[in-house]
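No lab work stands behind these numbers, since they all come straight from the coordinates. The model shown is predicted, which means the values in this text are computed figures rather than measured ones. With ideal geometry, Cβ positions are generated from the backbone for all residues, glycine too; neighbour counts draw on all protein chains shown.
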Amino acid sequence: MNVVTTDLGAITRGRPVVESRLEKIAQTGVGWVPANLSITPFNSIADPNPWGSTGDLRLIPDLAARFRTASSGAATPFDMVAADIVELDGTPWIGCSRTLLKDALADLKAEAGLVTKVAVEQEFRIFDAGFGAAHAFSIGAMRRADPFCPTLLAALEEAGVEPEMILAEYGSEQFEITHAPTDALAAADRAVAIREITRDTARVKGWRASFAPKTALTEVGNGVHIHFSFVDTDGRPATYDPAGAGSLSRQAGAFCAGVLNHLPAMTVLTASSVPSYYRLKPHNWSSSYTWLADRDREASLRICPTVTIGGRDRAPQYNIEFRVADATANPYLSLAALVRAGLDGLRRSLKAPPLVTGDPTLMGDEERKALGLVRLPQSLPEALDAFLADKTVTGWFHPLLVETFDGVKRHEIARLAPLEDSAVCDLYGTLF
Ligand code: GLU
Ligand code: MG
């Protein structure tokens, strides 16, 4: 089994351990190296990095976050457990994104009395299957992959990620997986496990599953949509209020305002690669402005539909979807940023953002300004600069983590500079 952590380039890495040592390792961990956080998705170490060749850490597996399945068809069962990174004396390490998310969630609960419910919806494309053409969302698009989808569903169920649906999406050879809502930490663990189990199930068939944000410039993007809502500390729904703007509760409105307020500076944390910005364009059903809307798939925050058939209660269904994310971002860091931004909105008692209808690209500057519509960064360098220039957002993290992130991203930008955009898509299709 593998004890894993997910790094700043959204690659999940770790150490294999034998089952008989797991109980002991859950107490004292396995070895890890600080400079591992400076490893890039290209198997190089960003240079310079703040860690050098010195230092040692421990990966402490969280046994509640173990994902095991023998149903993917692989020769040996898939088995991973998410870990926290600590110093040798057990102190949390400042570079552990899983710990950063836990801390953000603890602050949200302590200060606002809110507990998150999160579901992550992930899109991916299958390569090397030799599929013939099929219509979007069609039975044929599912059947041509048979038995991939039922096999994957069984594997995900056995692993305990509570999958809800695997569907054939709109893009070529594109699929999507959703899971049942859970707290944000478990949702980030599930997002990682779902990617890895999907890749493993595809690998067994001699295929490749890619979650890259854009597998070709002309292709539909692969998004990671983060659905969130809140319950109070007694478990009562706390997101919906029919009297609120857009039916958002006062707290959910302030949270959304905080997110939109900080979004340009935190986009690099949720859409973290060069090709992320090929996806974040208008008219791509992804997102391109700071924008709250009711059931509009171009918005960065979409209020999702609720069903009232048979008199069903809207409150527990009511949730908001954050659409600015993709799988080149670390899900723990994405969610930590989302929670920190929302908590800032709560602390400042911000009013809910206006509900925008219509297309921001067709509006004049004045109209966009009045609605608070700000264009998101349009490239990785722009997004990185916006992040580094915002002391509130960088202040959510230890300066060494910011420095490491900057180093990894600068390395990525330099590595890709000589490539055409289409070659970047090809490369990321193999890396993610
Ligand atoms: N593929 C779109 C994206 O890049 C999302 C389509 C959908 O709404 O599911 O986010
Ligand atoms: Mg979709």
*Please specify each residue of region 107-138 satisfying the condition of being within 16 Å of ligand 2 (Cβ to nearest atom), among the aliphatic types (A, V, I, L, M) and out of contact with any His (no Cβ under 6 Å at 6 or more places or on another chain).*
V120, I126, A136
*Residues of region 284-319 satisfying the condition of being within 16 Å of ligand 2 (Cβ to nearest atom) and farther than 15 Å from L263 by Cβ*: N284, W285, R295, D296, R297, C304, P305, N319
*Is there any pair linking a residue in region 409-425 that is farther than 19 Å from L269 by Cα to one that is in a loop (DSSP other than H, G, I, E, B) and of a type in the set (F, W, Y), with Cβ under 8 Å and at least six apart or on different chains, and which?*
R415/F42
*Name the pairs whose Cβ atoms lie under 8 Å apart, with the first residue in region 112-130 and closer than 24 Å to Q251 by Cα, the second among the β-branched types (V, I, T) and assigned to a loop (DSSP other than H, G, I, E, B), and 6 or more positions between them or separate chains?*
G113/T233; V115/T233
*Specify the residue that is nearest to ligand 2 (Cβ to nearest atom); the eligible residues are those in region 166-181 that are surrounded by fewer than 24 Cβ atoms within 10 Å (Cβ to Cβ) and β-branched (V, I, T).*
T178
*Would you confirm whether any residue within region 179-198 is over 20 Å from the mean Cα position of the chain (by Cα) and of a type in the set (V, I, T)?*
no
*Among the residues of region 8-30, which ones are surrounded by fewer than 21 Cβ atoms within 10 Å (Cβ to Cβ) and under 30 Å from V268 (Cβ atoms)?*
I11, T12, R13, G14, R15
*With respect to A104, determine if the residue is more than 16 Å from ligand 2 (Cβ to nearest atom), in contact (Cβ under 8 Å) with a residue 60 or more places away in the chain and under 30 Å from F137 (Cα atoms).*
no
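Can you name every residue in region 112-135 that is of a type in the set (V, I, T) and within 18 Å of F230 (Cβ to Cβ)?
V115, T116, V118, V120
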*asked:* Just to confirm my filter: which strands (runs of 3 or more DSSP E) fall fully inside region 3-86 and include at least 3 residues that are closer than 28 Å to T151 by Cα and of a type outside the set (D, E, K, R)?
replied: 12-16, 57-69, 78-86
*Give the residue, chosen from A184, A202, that is within 25 Å of G9 (Cα to Cα), more than 16 Å from ligand 2 (Cβ to nearest atom) and in contact with a Ser or Thr (Cβ under 6 Å, 6 or more places away or on another chain).*
A184
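Within region 39-67, how many residues turn out to be of a type outside the set (D, E) and surrounded by fewer than 16 Cβ atoms within 10 Å (Cβ to Cβ)?
Selection size over region 39-67: 10.
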*Pick out the one residue from L263, L269, L280, L292 that is touching a residue at least 40 places away in the same chain (Cβ under 8 Å) and either among the hydroxyl-bearing types (S, T, Y) or touching a Cys at 6+ places or on another chain (Cβ under 9 Å) (or both).*
L292
*asked:* Considering only residues that are within 16 Å of ligand 2 (Cβ to nearest atom) and either over 15 Å from the mean Cα position of the chain (by Cα) or not aliphatic (A, V, I, L, M) (or both), which ones fall in region 258-282?
replied: R279
*How many residues does region 282-306 hold that are surrounded by fewer than 16 Cβ atoms within 10 Å (Cβ to Cβ) and near ligand 1 (Cβ under 10 Å from one of its atoms)?*
2
*Extreme residue, nearest to E121 (Cα to Cα), among residues of region 139-162 that are buried (at least 20 other Cβ atoms within 10 Å of the Cβ) and touching a His at 6+ places or on another chain (Cβ under 7 Å)*: V161
*Quick check: anything in region 209-227 away from ligand 1 (no atom under 16 Å from the Cβ) and either buried (at least 18 other Cβ atoms within 10 Å of the Cβ) or of a type outside the set (A, V, I, L, M, F, W, C) (or both)?*
no
*Go through region 373-432 and tell me which helices (runs of 4 or more DSSP H), entirely inside it, have 2 or more residues that are within 24 Å of A35 (Cβ to Cβ).*
380-389, 399-416, 421-431
*For the subset of region 256-272 comprising residues that are farther than 16 Å from D406 by Cβ and among the polar types (S, T, N, Q), which member is surrounded by the most Cβ atoms within 10 Å (Cβ to Cβ)?*
T270
